[in-house]
Every structure is written in C-alpha cells, then in structure tokens.
Amino acid sequence: MASLKDLRNRIASVKATQKITKAMQMVAAAKLRRAQTAAEAARPYADRMNKVLSNLAAGVKGNPGAPALLAGNGKDQTHLLVVCTAERGLCGAFNSSIARLARDKAQALMAEGKTVKIVCVGKKGYDLLRRQFAKQIVEFIEFRSVRAIGFEQADQVGQLVLKMFADGEFDVCTLFFSRFRSVIAQIPTALQLIPAQVEESTTKDASLAAYDYEPSDTAILETLLPRNVSMQVFSALLENAASEQGARMSAMDSATRNAGEMIKKQTMLYNRTRQAMITKELIEIISGAEAL
C-alpha cells in the first residue's frame with residue numbers, strides 16, 4: 001500500500017495537471033471562435049467558385065481542348081495524397097482520424113497496383129504516416145512558426161501540387177483534411193483536387209444564366225482552375241484549424257473532468273489510509289496500556 005506521502009504527492013501532481021488542462025481548454029475555446037469565424041467566412045467564396053466552375057465546365061465537357069486540371073491527363077496510375085493535419089497534439093483523435101483515412105486510401109490504391117505519393121502538411125500527419133509510408137512521402141511542409149494560416153501558406157501547397165502535375169509526377173490528386181461541424185464533431189474528408197470534381201447540377205443556376213463569359217469558357221477555366229486548387233487547400237487548412245481547436249477543447253474538457261474524478265478517488269484513498277493508520281496506532285496504545 002502506498003504511503004501517505006506518496007498519496008499526497010500523487011494528488012498534488014494530478015491537481016497540477018488539472019490546472020494545465022483547464023488552461024488549455026480555455027485557450028482552445030478562445031482560438032476556436034476566431035478559427036471558426038475564418039472557416040465560415042471562406043465557405044461562401046469557395047461555394048460560389050464551385051458554382052462558377054460547374055457552369056463553365058458544363059460548356060466544355062467532352063471537349064478535347066478542355067484544361068488538363070479539369071479533364072485530367074487520361075491516366076489513373078499515380079496518385080498524390082495531400083494530407084493536412086495539425087502541428088501539435090493534445091487534440092484527441094483529430095490527427096489520427098485524418099491519417100487513418102489517408103492510410104486506408106493509400107493501402108487500397110497500392111492493393112490495386114497503383115503508385116502512391118504523399119505530401120504531408122503538418123508535423124503530426126508526417127509522424128503518423130512515415131512509420132508505414134516513409135518511401136511514399138515525397139514532401140513535408142510545416143507551418144509551426146505561422147500564428148494564423150493565410151492564403152500565402154495555402155498557395156505554397158497549391159503551387160507545389162500544380163508544379164508536380166505539370167511535371168507529370170502524378171495523375172490524380174486527393175486532399176485529406178477534417179471538415180468542422182461542431183466542437184464535438186469533426187468529419188475527416190477526402191476531396192479530389194485534380195482532375196477537379198465539379199458538381200453537375202440538373203437545374204440551371206438563375207444567377208449565372210445571365211452571364212456571358214469572355215474570351216471563352218476554356219480560357220477562363222485555365223485561369224480559375226489553378227486558383228481553385230490553392231483555394232481548396234486554403235479552405236481545408238481553415239477547416240482544419242477550427243477542427244483542431246474544437247477537438248482540443250473537447251479533449252482538454254474530458255481530461256479536466258477525469259483529473260477531478262481521479263483527485264476524488266485519491267483523496268478518498270488517502271483519508272481511508274490515514275484513518276487506518278490512526279486506528280492502528282490507537283489499538284497499539286490501548287493494547288500496551290492493558291498489558292501493563
């Protein structure tokens with residue numbers, strides 16, 4: 001049985017940990033509000049661009065002169081997986097869920113005889129994937145020193161993907177990230193970037209029907225599609241930032257409550273042990289007095 005000093009030290013240690021987890025929960029809550037606002041502000045632009053691309057793609061669908069970013073290069077052998085995770089841990093299953101989704105996709109592609117290449121954006125995803133896919137990881141990008149993710153960081157990733165596609169290093173590119181829904185719900189998502197997956201609406205968008213595009217649909221697509229790659233990466237990074245803080249807030253709240261329960265159990269054990277020692281000493285004193 002542990003001594004009273006050991007129990008006191010254990011209780012003090014858990015109380016110190018509880019203070020840290022409570023502080024991290026409050027910091028995550030403050031950061032979550034800013035990250036959630038940024039993610040929600042980026043969604044209308046991304047949705048609108050997707051509608052414009054859908055409208056333009058409908059006009060060039062099946063056209064042999066369609067941009068390669070939309071139609072692809074006609075091959076499906078080499079796949080590039082862009083895995084976006086956090087730079088830090090202590091956020092529950094946030095990083096592992098994204099890495100698991102990317103791992104399952106990579107294993108499925110390799111089982112089909114496909115070539116897989118991985119670009120890791122974020123240290124935690126790199127740490128999780130390099131154990132099994134060290135040879136497949138071709139690039140590692142981290143933004144540990146960046147306080148707030150901006151379009152500049154997303155464009156860095158987007159330009160890397162576009163350069164690799166122009167050099168013929170892959171045929172299909174898929175982006176992995178976590179879409180923010182609420183503090184307790186983050187959805188691991190796989191989004192195909194190249195060839196661009198545009199929604200095909202059955203009804204004509206009334207807001208777009210009044211526009212005539214010049215110089216041509218193909219020329220506009222050649223300008224918008226590269227920007228759309230960076231925009232999709234930017235939106236994914238913002239969703240990741242909000243999801244990370246939400247997951248950390250939830251994880252630290254659970255850790256704080258678990259620490260509180262542990263303190264109660266340890267305190268009860270301490271009191272029982274102390275009472276047992278006092279009772280034992282009293283019995284020894286009474287027994288000695290009766291023996292005289």
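The values are calculated or read from the model by the stated rules, or taken from the named source; none is laboratory data. Owing to the predicted nature of the structure, the values given are computational and were not obtained by experimental measurement. A quick note on method: Cβ atoms are made from the backbone with ideal geometry, for glycine too, and the neighbour counts reach across all protein chains shown. With ligands, DNA and RNA removed, areas are computed over all heavy atoms of the protein, side chains included. Shrake-Rupley method; radii C 1.70, N 1.55, O 1.52, S 1.80 Å.
For helix 151-166, report the angle its Cα long axis makes with the longest principal axis of the Cα atoms of the chain; keep it between 0 and 90° and round to the nearest 10°. The helix 151-166 is inclined about 50 degrees to the chain. For the peptides 186-194, 224-232, residues were scored by their other Cβ atoms within 10 Å and the scores averaged per peptide; the highest-first order is 224-232, 186-194.
Of the whole protein surface, residue 127 contributes about 30 Å² of accessible area at a 1.4 Å probe radius.
Accessible area of segment 55-133 with a 1.4 Å probe: how many percent of it is carbon plus sulfur? Before the final figure, lay out the partial values.
Values: 1770 of 3600 Å².
About 49 percent, which is the carbon plus sulfur part of the accessible surface.
Principal axis extents of the C-alpha atoms in segment 1-159 (largest first, rounded to whole Å): 80, 39, 24.
Once you treat every alpha carbon in segment 115-186 as an equal point and sum by Debye, what is log10 I(q)/I(0) at q = 0.16, 0.24, 0.26 Å⁻¹? Summing over Cα pairs of segment 115-186 leads to -0.70, -1.26, -1.32. Cα extents for the chain along the principal axes, largest to smallest and rounded to whole angstrom: 113, 43, 35. Amide H contacts of residue 194: 173, each under 5 Å away and 5 or more positions distant or on a separate chain (H built 1.01 Å from N in the peptide plane; Pro and chain starts excluded). Rounded to the nearest 10 degrees, the angle from helix 94-111 to the longest Cα principal axis of the chain is 50 degrees.
Between segment 127-168 and segment 35-108, the alpha-carbon centres lie 14 Å apart. Dipole of the chain computed with +1 at Lys/Arg Cβ and -1 at Asp/Glu Cβ about the Cα centre; of 249, 9, 28, farthest Cα towards the positive end is 9. For the residue pairs 75/117; 31/105; 114/163; 75/135, the C-alpha atoms sit more than 24 angstrom apart in 31/105.
Provide the per residue accessible area, probe 1.4 Å, for segment 81-131, rounded to a whole number of square angstrom. Please report the intermediate quantities before stating the final value.
On the way: 2160 Å² over 51 residues.
Value returned for segment 81-131: 42 Å² of accessible area per residue.
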